[in-house]
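> There's a structure below that I have some questions on.
The values are calculated or read from the model by the stated rules, or taken from the named source; none is laboratory data. Quick caveat: nothing in here was measured; it's all calculated off a predicted structure. Every residue, glycine among them, receives a Cβ derived from its backbone with ideal geometry; neighbour counts consider all protein chains shown. For the accessible areas, the whole protein counts, side chains as well, though only heavy atoms, and no ligand, DNA or RNA atoms are used. Shrake-Rupley method; radii C 1.70, N 1.55, O 1.52, S 1.80 Å.
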Amino acid sequence: MENQNGSTFQQSCLSFIETLFPDESFHFLEESKATDAFGHPGRQLFFSSSTRTLKFSVLAQAHQRYTRVFVSEKTSENAFFRQLLEATYEEGQLYIDHIVQTE
């Protein structure tokens with residue numbers, strides 16, 4: 001995960017968020033360590049606006065060509081985070097891989 005630690009990845013996330021939600025102003029909340037279902041280490045970054053909180057769950061892939069990112073949201077209507085989309089992070093950019101069908 002080249003250059004993913006620190007503000008470079010946070011800035012990529014914020015830029016990605018601005019594309020998804022151009023009418024909302026988001027700020028970084030916190031970062032925490034996480035483990036996936038297979039016990040592999042990862043991390044979660046949280047961003048918030050007045051309308052929603054977004055969680056970016058970041059997992060390195062075994063092949064290390066790119067990083068998998070799961071984006072979930074929580075709003076006042078949802079008590080828990082629900083997955084919105086999956087993305088890949090490579091060469092300093094986030095790209096939508098696919099959008100999760102909801103409802």
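> Quick check: anything in the stretch 56-66 at pLDDT 95 or above and open to solvent by less than 40 Å² (accessible area, probe 1.4 Å)? It would help to see each step written out before you state the result.
Of all residues in the stretch 56-66, those at pLDDT 95 or above come to 56.
Add one more test, that the residue is open to solvent by less than 40 Å² (accessible area, probe 1.4 Å), and what stays is 56.
Looking through the stretch 56-66, at least one residue is at pLDDT 95 or above and open to solvent by less than 40 Å² (accessible area, probe 1.4 Å).
> Would you be able to say whether some residue in the stretch 19-33 is part of a helix (DSSP H, G or I), under 21 Å from ASP97 (Cα atoms) and not β-branched (Val, Ile, Thr)? Steps first, please.
Restricting attention to the stretch 19-33, the residues satisfying the condition of being part of a helix (DSSP H, G or I) are 19-20.
Pick out the ones that are also under 21 Å from ASP97 (Cα atoms) and you get 19-20.
With not β-branched (Val, Ile, Thr) added as a condition, the list becomes 20.
Checking the stretch 19-33: at least one residue is part of a helix (DSSP H, G or I), under 21 Å from ASP97 (Cα atoms) and not β-branched (Val, Ile, Thr).
> Oh, and also: Which ones in the stretch 16-40 are in contact (Cβ under 8 Å) with a residue 12 or more places away in the chain and over 18 Å from ARG68 (Cβ atoms)?
PHE21, GLU24, SER25, PHE26, HIS27, PHE28, LEU29, GLU30 - these are the residues of the stretch 16-40 that are in contact (Cβ under 8 Å) with a residue 12 or more places away in the chain and over 18 Å from ARG68 (Cβ atoms).
> What single numbered condition from (1) touching a Ser or Thr at 6+ places or on another chain (Cβ under 8 Å); (2) open to solvent by less than 50 Å² (accessible area, probe 1.4 Å); (3) at pLDDT 90 or above; (4) not polar (S, T, N, Q) fails to hold for PHE16?
For PHE16, the failing item is (1).
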